[in-house]
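**Q** Pasting a structure below so you can have a look.
The values are calculated or read from the model by the stated rules, or taken from the named source; none is laboratory data. Here the structure is a predicted model, which is why all the values come from computation and not from measurement. Note that we place each Cβ from the backbone using ideal geometry, even for glycine, and neighbour counts take in every protein chain shown.
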Amino acid sequence: MPISLSKHPTLAAKIVSHWRLREAAGTTRLDSKSSNNLTDNNTVGVVVGVQANAANFETTSSQYLSIADASQTGLDPLTGDFAYSFWVKPDNIASSRAIFGKGATSNNATEAPGVRGFLSLSSGIVRLNTSIADNGSTTRLTHATPTSQSPPIYTDNWSLIFMLFDRDGNYTPYINNVVSTTVLSIAAESGTIDVSAAFALGASPVNGGGQSVYGDGAIDEFTVYNALPTVAEMTDVYNGGNGIPWVDPVADEAWSALGESLLATTAAVIRGLKQSRDREARRVIVRVAGTQAFRLNYFEPPDFGTSYTIAKQVASSTVTVDGGTAGYTQSAELDVPLGHLYKIEVYNPNATAMNYVYDLREYTSG
């Protein structure tokens, strides 16, 4: 089982763009794979997602994220196979609600070309829809998952969607790692798809400008592929319903040393009150030169005031030998929850002089 999407041994090479969508409300959403950063329109919100935060769209406020056609790279399928994956948590599906789009908004020579994905409601069932047309078409091909789709898409619940487009074969959707009972032949639309519309999440941009419909609900971990993921790769991404992160804090990212030293006789606070500022859970590691006993305490204020409680503790009896850094013989680490105020303390349980240098490192996801 791969520990991250960016380091997946086969799927990573198929990724054009990946948006983790965990930035603050109203800000640009960064492309972790390339440079297709998405501009915020009308202050797209933030909610708790499958992997940390997710983008939250309100159709009544016309909220969406977009990049102009002239600024994007690789988001037009051209003539090759392509695919999308994302986690979606619908909110109000009273009518069509956009997930993503780049054209394919109407049946005429100008607006038909492109690709879009959206949700609709039929007989009380949320259905996944797509429209696709190449540049020579005046009519779009469309597909909706059946009302008998199992597993279904529920409002206020997260579902992992894969949408696979085999240009000389079929469009095939997967919901929560289960293939749809119906597919759509798209061989008739095997020509070039290269349109003038912006690419957007939470809206369906029209060729020539403007939007047709907007989204309502949350989207997390949106990925564009220039080749078809395999069943095994999709199973890895689904990960039993837990998903996998874009990066793994330990294996994929370098630690950033803060380079502080400590000479203490009892307890010593090494980082004061602060808020974890990255978009992942924060991991703090302390490495100690020497073999003296110590504890690493993590304090969390339940009322975000001045009263702290030790929420986690690592004692010296449980630390591991650090063979990777010369001069350091003991280490301990703790995960700090997302967005929590916290205080870290190195504590000497023997109340005797501790004459050592420690190295505090904090993982940040950038």
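**Q** Of all residues in the stretch 113-135 being outside any strand (DSSP E or B) and modelled with pLDDT of 95 or more, which is surrounded by the fewest Cβ atoms within 10 Å (Cβ to Cβ)?
**A** Residue satisfying both the conditions and the ranking: Asn135.
**Q** Given the stretch 147-226, what strands (runs of 3 or more DSSP E) lie entirely inside it while holding 3 or more residues that are modelled with pLDDT of 95 or more and closer than 28 Å to Gly124 by Cβ?
**A** 159-165, 170-175, 217-225
**Q** Same structure, new question: Please determine whether any residue of the stretch 141-153 is on the phi > 0 side of the Ramachandran plot and out of contact with any His (no Cβ under 7 Å at 6 or more places or on another chain).
**A** no
**Q** Would you confirm, using the coordinates I've provided, whether Ile132 is touching a helix residue (DSSP H, G or I) at 6+ places or on another chain (Cβ under 9 Å) and either free of Cβ contacts under 8 Å to residues at least 40 places away in the same chain or aliphatic (A, V, I, L, M) (or both)?
**A** yes
**Q** If Gly202 passes every condition in (1) under 16 Å from Arg116 (Cα atoms); (2) surrounded by fewer than 15 Cβ atoms within 10 Å (Cβ to Cβ) but one, which one does it miss?
**A** (2)
**Q** Kindly evaluate Thr142 against the criterion of being hydroxyl-bearing (Ser, Thr, Tyr), closer than 27 Å to Thr181 by Cβ, surrounded by fewer than 16 Cβ atoms within 10 Å (Cβ to Cβ) and modelled with pLDDT of 95 or more.
**A** Taking the combined requirement at face value, the residue satisfies it.
**Q** Can I ask one more? I'd like to check something: does the stretch 167-175 contain any residue that is surrounded by fewer than 18 Cβ atoms within 10 Å (Cβ to Cβ) and under 16 Å from Gly117 (Cβ atoms)?
**A** Yes, the stretch 167-175 has at least one match.
**Q** Within the stretch 237-263, can you find the residues that are at pLDDT 95 or above and not β-branched (Val, Ile, Thr)?
**A** Passing the criteria: only Tyr238.
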